[in-house]
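Asks: The structure follows.
The values are calculated or read from the model by the stated rules, or taken from the named source; none is laboratory data. Note that the structure is a prediction, hence the values are computed from the model and not measured. Cβ placement follows ideal geometry from the backbone for every residue including glycine, while neighbour counts extend to all protein chains displayed.
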Amino acid sequence: MRICAEQRDNVLYVRLNGEMDEYSAALARRDADRLAETYAATSERAIFDLSKVSFMDSTGIGFLIGRYKKFQRYGVPVYVTNPSAGTDRILEMSGVYTLIPKA
Amino acid sequence: MENFMKLEIAALGENESFARSAVAAFALPLSPSLMELSDIKTAVSEAVTNCVVHAYGRETDAGKIRIECRIEKTGFGGTLHIEITDFGRGIDDVEKAIAPFYTTLKGDERSGMGFTIMQTFMDEFSIESEPTKGTVVKMSKRIGMERTAEIPRAEERERVNA
Ligand SMILES: Nc1ncnc2c1ncn2[C@@H]1O[C@H](COP(=O)(O)OP(=O)(O)O)[C@@H](O)[C@H]1O
Ligand SMILES: [Mg+2]
C-alpha cells in the first residue's frame, strides 16, 4: 500500500493506493502518521481518498480510526471519500462514518 | 466431478493476499460478479488473518493454515464452499468471539469485526473450535443464481450481438 499526501487550501488529501490488510497496514500506519506529523498543524481537515484502494478488509476500520485519533490530537477532523462498494459496506456496518464522515 | 481445491500455507502475514486471491481465482469458473468476488476475498482475508494473528500468536514459529474449497453446481450458478482450518490455540467462548466489536487484541488497532464481516458477506457461516486444538471456519456463497438462460450476462450478450 502506497500513501501520498497533497495539501490544497488548508485541506490535506491523503491518498491510499493498493491493498489494505493486516500485513500491509503496519507500513501504511507509519507512513500516514508521518504525514499527520508533517501536515496536521497547517491543515483544517484531512480527507482520506480511497479511490485507489483495490482491497480492504476489517483492518481498514482500525486503520482509519487510529488515524482519526492521531489527527484529533491536532484538532483536525478527518473525512473519507471514494470508498468502493465493499469498503463502503464495511465502514457503514462498523459505524466508522459516525466518527469519520464521507466527504 | 465436483471441483475442489486444497491449499496449505504457513500462517504468515505475507500469505494473506495470496490466500484470498487463490480462492477468488478458484471461484472464477462460476462467473462471479465483481461484487461477489470482492465479498469472497474479504471473507477469506478475515479468516486467514485470524489464523495469522490469533491462532498461533507471533512469538512462535508460524503454524499452518489449511484452505479447502469446493464448488457445488446448481442450475445456472453454483455454491462455493470454503473451509479454513488452523491448528492453533482455539477459542474458549465462540459465541463471545463472533459478537461484533469483540477482540482480544485491542492494542493492535483490531476492530473485532472480522466474524461479523464473514457472516455478512457470505450466505452461510459456521465455526467449530476446540481450545489448544484449533479452529475451523466454514463459509458458503451462492454465485450467479439470479441469472437465467433468458437473461444472459453482458459479455454473452456482446458475443451474441457481434
Ligand atoms: N483462528 C482463531 N484462533 C484463535 N482465536 C481466534 C481465531 N479467530 C478469531 N479468534 C478470536 O476471536 C476474536 C474476534 O475475531 P474477529 O471478529 O476477527 O476480530 P479481530 O480479529 O479484530 O480481533 C479475536 O480477537 C480472537 O480472540
Ligand atoms: Mg479478525
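Asks: Answer yes or no as to whether B:Thr148 is polar (S, T, N, Q) and either at pLDDT 95 or above or within 12 Å of ligand 1 (Cβ to nearest atom) (or both).
Replies: Here the answer is no, as B:Thr148 does not meet what is asked.
Asks: Is the stretch B:68-80 home to any residue that is buried (at least 18 other Cβ atoms within 10 Å of the Cβ) and either within 25 Å of B:Glu109 (Cα to Cα) or within 13 Å of chain A (Cβ to nearest Cβ) (or both)?
Replies: Checked the stretch B:68-80: no residue is buried (at least 18 other Cβ atoms within 10 Å of the Cβ) and either within 25 Å of B:Glu109 (Cα to Cα) or within 13 Å of chain A (Cβ to nearest Cβ) (or both).
Asks: Where residues in the stretch B:103-127 are more than 19 Å from the chain's Cα centre (by Cα) and assigned to a helix (DSSP H, G or I), which of them is farthest from ligand 2 (Cβ to nearest atom)?
Replies: It comes out as B:Gly107.
Asks: Look at B:Ser140 and say whether it is assigned to a strand (DSSP E or B) and either at pLDDT below 95 or within 16 Å of ligand 2 (Cβ to nearest atom) (or both).
Replies: Against the criterion (assigned to a strand (DSSP E or B) and either at pLDDT below 95 or within 16 Å of ligand 2 (Cβ to nearest atom) (or both)), B:Ser140 does not qualify.
Asks: Return the total of residues in the stretch B:5-23 being acidic (Asp, Glu) and closer than 17 Å to B:Met118 by Cβ.
Replies: 1
Asks: Condition test on A:Asp88, is it of a type in the set (Asp, Glu) and in contact (Cβ under 8 Å) with a residue 24 or more places away in the chain?
Replies: No.
Asks: Quick test of your reading of the structure: B:Thr49 fulfils all but one of (1) more than 9 Å from ligand 1 (Cβ to nearest atom); (2) under 15 Å from A:Ser58 (Cα atoms). Name the failing condition by number.
Replies: (1)
Asks: Count, please, the residues in the stretch B:88-102 that happen to be under 19 Å from the mean Cα position of the chain (by Cα) and facing chain A (nearest Cβ under 10 Å).
Replies: Of the residues in that region, 1 qualify.
Asks: Out of (1) in a loop (DSSP other than H, G, I, E, B); (2) in contact (Cβ under 8 Å) with a residue 12 or more places away in the chain; (3) charged (D, E, K, R), the odd one out for B:Asp61 is which?
Replies: Of everything listed in (1) in a loop (DSSP other than H, G, I, E, B); (2) in contact (Cβ under 8 Å) with a residue 12 or more places away in the chain; (3) charged (D, E, K, R), B:Asp61 misses just condition (2).
Asks: Here's something else I'd like to know. If only one of B:Ile67, B:Ile91, B:Ile84 is in a loop (DSSP other than H, G, I, E, B) and of a type in the set (Val, Ile, Thr), which one is it?
Replies: B:Ile91
Asks: Given the options B:Arg89, B:Arg70, name the one that is within 12 Å of ligand 1 (Cβ to nearest atom) and charged (D, E, K, R).
Replies: Unique residue meeting the criteria: B:Arg89.
Asks: Only residues that are within 14 Å of another protein chain (Cβ to nearest Cβ), among the polar types (S, T, N, Q) and surrounded by fewer than 23 Cβ atoms within 10 Å (Cβ to Cβ): list them for the stretch A:46-86, please.
Replies: A:Ser54, A:Ser84
Asks: May I ask you to verify whether B:Ala27 is buried (at least 17 other Cβ atoms within 10 Å of the Cβ) and more than 14 Å from the chain's Cα centre (by Cα)?
Replies: In short, no.
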